[in-house]
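The values are calculated or read from the model by the stated rules, or taken from the named source; none is laboratory data. As the structure is a computational prediction, the values presented were derived from the model and not from experiment. Here the Cβ positions follow ideal geometry from the backbone for every residue, glycine too, while neighbour counts run over all protein chains shown. The protein model used for the area step is the full one, side chains on, heavy atoms only, and it has no ligands, DNA or RNA in it. Shrake-Rupley method; radii C 1.70, N 1.55, O 1.52, S 1.80 Å.
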Amino acid sequence: MVDVKSRMFGFVTKLSRLLRWRPMSLAGKCRLLFGVAVVLILTLALLIPYFWMGKLTERAMLDAGQAVVNTVYENHFKFDSEPDKGLAVLDERGSALGASERIVKWLRFGAVEQKPDIEVTERQKETIESLKCDDRINSTAWSQKYDGVTKINYINLVRANKNCLQCHNPDGSAAAFNQNEPVGAIIVRMSGV
(Lines give C-alpha, C1' and ligand atoms only; values in the text may rest on other atoms or scores of the structure.)
Protein backbone atom coordinates (compact mmCIF):
# COMPACT_ATOMS: atom_id res chain seq x y z
CA MET A 1 0.00 0.00 0.00
CA VAL A 2 2.86 2.35 0.86
CA ASP A 3 4.49 1.57 -2.49
CA VAL A 4 1.35 2.67 -4.36
CA LYS A 5 1.14 5.93 -2.40
CA SER A 6 4.80 6.74 -3.04
CA ARG A 7 4.40 6.01 -6.78
CA MET A 8 1.31 8.23 -6.95
CA PHE A 9 3.10 11.04 -5.08
CA GLY A 10 6.09 10.70 -7.42
CA PHE A 11 3.80 10.82 -10.47
CA VAL A 12 2.03 13.96 -9.21
CA THR A 13 5.38 15.59 -8.41
CA LYS A 14 6.76 14.84 -11.89
CA LEU A 15 3.54 16.08 -13.53
CA SER A 16 3.59 19.32 -11.52
CA ARG A 17 7.24 19.94 -12.50
CA LEU A 18 6.45 19.20 -16.14
CA LEU A 19 3.49 21.61 -16.13
CA ARG A 20 5.42 24.09 -13.94
CA TRP A 21 2.78 24.21 -11.26
CA ARG A 22 3.69 26.10 -8.16
CA PRO A 23 2.65 24.92 -4.74
CA MET A 24 -0.92 26.09 -4.14
CA SER A 25 -2.02 28.16 -1.18
CA LEU A 26 -5.04 27.20 0.88
CA ALA A 27 -7.09 29.96 -0.79
CA GLY A 28 -6.11 28.66 -4.24
CA LYS A 29 -7.13 25.13 -3.28
CA CYS A 30 -10.50 26.42 -2.03
CA ARG A 31 -11.07 28.33 -5.30
CA LEU A 32 -10.16 25.24 -7.32
CA LEU A 33 -12.49 23.00 -5.32
CA PHE A 34 -15.29 25.57 -5.51
CA GLY A 35 -14.89 25.78 -9.31
CA VAL A 36 -14.96 21.99 -9.65
CA ALA A 37 -18.08 21.85 -7.44
CA VAL A 38 -19.85 24.49 -9.56
CA VAL A 39 -19.03 22.64 -12.79
CA LEU A 40 -20.24 19.35 -11.30
CA ILE A 41 -23.50 20.87 -10.03
CA LEU A 42 -24.20 22.60 -13.36
CA THR A 43 -23.50 19.36 -15.24
CA LEU A 44 -25.90 17.40 -13.07
CA ALA A 45 -28.53 20.15 -13.19
CA LEU A 46 -28.44 20.22 -17.01
CA LEU A 47 -28.35 16.44 -17.51
CA ILE A 48 -31.73 15.92 -15.82
CA PRO A 49 -33.68 18.11 -18.32
CA TYR A 50 -31.63 16.65 -21.19
CA PHE A 51 -32.69 13.09 -20.36
CA TRP A 52 -36.24 14.24 -19.63
CA MET A 53 -36.51 15.86 -23.08
CA GLY A 54 -35.36 12.58 -24.63
CA LYS A 55 -38.19 10.77 -22.86
CA LEU A 56 -40.70 13.44 -23.92
CA THR A 57 -39.55 13.13 -27.54
CA GLU A 58 -39.94 9.35 -27.38
CA ARG A 59 -43.44 9.76 -25.91
CA ALA A 60 -44.38 12.23 -28.66
CA MET A 61 -43.27 9.71 -31.32
CA LEU A 62 -45.37 6.98 -29.73
CA ASP A 63 -48.40 9.27 -29.43
CA ALA A 64 -48.15 10.44 -33.05
CA GLY A 65 -47.88 6.88 -34.31
CA GLN A 66 -50.74 5.72 -32.12
CA ALA A 67 -52.98 8.52 -33.46
CA VAL A 68 -52.37 7.28 -37.01
CA VAL A 69 -53.03 3.68 -35.95
CA ASN A 70 -56.29 4.73 -34.28
CA THR A 71 -57.41 6.22 -37.60
CA VAL A 72 -56.59 2.94 -39.34
CA TYR A 73 -58.69 1.05 -36.77
CA GLU A 74 -61.56 3.52 -37.21
CA ASN A 75 -61.53 2.85 -40.97
CA HIS A 76 -61.32 -0.91 -40.30
CA PHE A 77 -58.08 -1.25 -42.26
CA LYS A 78 -59.48 0.16 -45.50
CA PHE A 79 -56.77 1.75 -47.62
CA ASP A 80 -57.66 3.49 -50.87
CA SER A 81 -54.65 2.54 -52.93
CA GLU A 82 -56.24 3.29 -56.28
CA PRO A 83 -56.49 7.00 -57.16
CA ASP A 84 -59.56 6.48 -59.36
CA LYS A 85 -61.62 5.65 -56.24
CA GLY A 86 -61.26 9.18 -54.89
CA LEU A 87 -58.87 12.02 -54.29
CA ALA A 88 -55.15 11.35 -54.37
CA VAL A 89 -53.27 11.09 -51.08
CA LEU A 90 -50.99 14.11 -50.54
CA ASP A 91 -47.81 14.63 -48.54
CA GLU A 92 -47.12 17.64 -46.28
CA ARG A 93 -46.02 19.73 -49.29
CA GLY A 94 -49.18 18.94 -51.30
CA SER A 95 -47.57 16.50 -53.76
CA ALA A 96 -49.41 13.30 -54.66
CA LEU A 97 -47.96 10.22 -52.99
CA GLY A 98 -47.40 6.94 -54.78
CA ALA A 99 -48.35 3.67 -53.09
CA SER A 100 -44.76 3.03 -51.95
CA GLU A 101 -44.42 6.54 -50.46
CA ARG A 102 -47.50 6.39 -48.23
CA ILE A 103 -47.18 7.25 -44.57
CA VAL A 104 -49.21 4.23 -43.45
CA LYS A 105 -48.69 0.71 -44.75
CA TRP A 106 -50.56 -2.45 -43.83
CA LEU A 107 -48.53 -5.63 -43.84
CA ARG A 108 -50.77 -8.71 -43.58
CA PHE A 109 -49.08 -11.85 -42.27
CA GLY A 110 -49.59 -15.04 -44.25
CA ALA A 111 -51.91 -13.37 -46.75
CA VAL A 112 -51.80 -14.54 -50.35
CA GLU A 113 -53.30 -11.27 -51.55
CA GLN A 114 -50.47 -9.13 -50.08
CA LYS A 115 -49.63 -6.27 -52.42
CA PRO A 116 -46.07 -6.34 -53.80
CA ASP A 117 -45.66 -2.54 -53.52
CA ILE A 118 -45.13 -2.69 -49.74
CA GLU A 119 -41.45 -2.16 -49.00
CA VAL A 120 -40.24 -3.12 -45.53
CA THR A 121 -36.73 -2.25 -44.37
CA GLU A 122 -34.51 -4.73 -42.55
CA ARG A 123 -34.91 -2.86 -39.27
CA GLN A 124 -38.69 -2.90 -39.66
CA LYS A 125 -38.60 -6.67 -40.33
CA GLU A 126 -36.44 -7.24 -37.24
CA THR A 127 -38.74 -5.09 -35.13
CA ILE A 128 -41.84 -6.93 -36.35
CA GLU A 129 -40.24 -10.29 -35.52
CA SER A 130 -39.31 -9.11 -32.01
CA LEU A 131 -42.87 -7.81 -31.47
CA LYS A 132 -44.28 -11.18 -32.57
CA CYS A 133 -42.15 -12.94 -29.93
CA ASP A 134 -43.25 -10.69 -27.05
CA ASP A 135 -46.97 -10.85 -26.18
CA ARG A 136 -46.70 -7.92 -23.76
CA ILE A 137 -45.58 -5.28 -26.31
CA ASN A 138 -47.59 -4.42 -29.43
CA SER A 139 -45.91 -1.24 -30.63
CA THR A 140 -42.59 0.55 -30.81
CA ALA A 141 -41.18 3.72 -32.33
CA TRP A 142 -37.80 5.14 -33.30
CA SER A 143 -36.40 7.97 -35.40
CA GLN A 144 -33.99 7.43 -38.27
CA LYS A 145 -32.47 9.48 -41.08
CA TYR A 146 -33.50 8.64 -44.65
CA ASP A 147 -31.78 10.63 -47.40
CA GLY A 148 -30.83 13.33 -44.87
CA VAL A 149 -34.39 13.69 -43.53
CA THR A 150 -35.32 12.47 -40.05
CA LYS A 151 -38.35 10.18 -40.13
CA ILE A 152 -40.34 8.68 -37.29
CA ASN A 153 -40.95 4.95 -37.64
CA TYR A 154 -43.84 3.45 -35.70
CA ILE A 155 -44.87 -0.18 -35.88
CA ASN A 156 -48.04 -1.54 -34.33
CA LEU A 157 -48.51 -5.30 -34.32
CA VAL A 158 -52.19 -6.20 -34.74
CA ARG A 159 -53.27 -9.24 -32.77
CA ALA A 160 -56.73 -10.81 -32.94
CA ASN A 161 -58.60 -10.06 -29.72
CA LYS A 162 -62.08 -11.01 -28.55
CA ASN A 163 -63.66 -8.07 -30.41
CA CYS A 164 -62.07 -9.22 -33.69
CA LEU A 165 -63.28 -12.77 -33.13
CA GLN A 166 -66.92 -11.65 -33.18
CA CYS A 167 -66.66 -11.52 -37.00
CA HIS A 168 -63.39 -13.37 -37.65
CA ASN A 169 -64.43 -16.84 -36.54
CA PRO A 170 -65.27 -20.01 -38.49
CA ASP A 171 -68.98 -19.12 -38.43
CA GLY A 172 -68.44 -15.38 -39.00
CA SER A 173 -68.52 -13.25 -42.12
CA ALA A 174 -64.74 -12.69 -42.31
CA ALA A 175 -61.60 -14.85 -42.38
CA ALA A 176 -61.13 -16.82 -39.14
CA PHE A 177 -58.45 -15.87 -36.61
CA ASN A 178 -57.32 -17.41 -33.35
CA GLN A 179 -57.22 -15.51 -30.06
CA ASN A 180 -54.04 -13.36 -29.77
CA GLU A 181 -52.85 -14.43 -33.24
CA PRO A 182 -50.59 -11.84 -34.96
CA VAL A 183 -52.65 -10.80 -37.98
CA GLY A 184 -50.45 -8.07 -39.42
CA ALA A 185 -48.51 -4.90 -38.74
CA ILE A 186 -49.36 -1.27 -39.29
CA ILE A 187 -46.16 0.50 -40.36
CA VAL A 188 -46.10 4.28 -40.06
CA ARG A 189 -43.23 6.39 -41.40
CA MET A 190 -43.70 10.16 -41.15
CA SER A 191 -41.62 13.29 -41.00
CA GLY A 192 -40.12 13.58 -37.58
CA VAL A 193 -38.28 15.61 -35.08
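Worth a mention:
- Filtered residues of the range 25-55 (kept if of a type in the set (A, V, I, L, M, F, W, C) and surrounded by 11 or more Cβ atoms within 10 Å (Cβ to Cβ)): Cys30, Leu32
- Among the residues of the range 154-184, the one identified as among the polar types (S, T, N, Q), open to solvent by less than 50 Å² (accessible area, probe 1.4 Å) and farther than 25 Å from Met61 by Cα is Asn169.
- Residues that are of a type in the set (A, V, I, L, M) and within 20 Å of Lys151 (Cβ to Cβ), drawn from the range 26-73: Met53, Leu56, Ala60, Met61, Leu62, Ala64, Ala67, Val68, Val69, Val72
- For the range 70-84, the count of residues that are at pLDDT 80 or above, within 19 Å of Arg189 (Cβ to Cβ) and open to solvent by 60 Å² or more (accessible area, probe 1.4 Å) is at least one.
- Looking across the range 155-193, the residues that are polar (S, T, N, Q) and either modelled with pLDDT of 80 or more or part of a loop (DSSP other than H, G, I, E, B) (or both) come down to Asn156, Asn161, Asn163, Asn169, Ser173, Asn178, Gln179, Asn180.
- Tallying residues that are of a type in the set (D, E, K, R), over 17 Å from Arg189 (Cα atoms) and in a helix (DSSP H, G or I) within the range 124-142 yields 2.
- Thr13 vs. criteria open to solvent by less than 100 Å² (accessible area, probe 1.4 Å), at pLDDT below 85, within 24 Å of Thr140 (Cα to Cα) and assigned to a helix (DSSP H, G or I): no
- Residue among Lys151, Lys125 that alone is under 15 Å from Gly65 (Cβ atoms), open to solvent by 40 Å² or more (accessible area, probe 1.4 Å), charged (D, E, K, R) and out of contact with any Asp or Glu (no Cβ under 7 Å at 6 or more places or on another chain): Lys151
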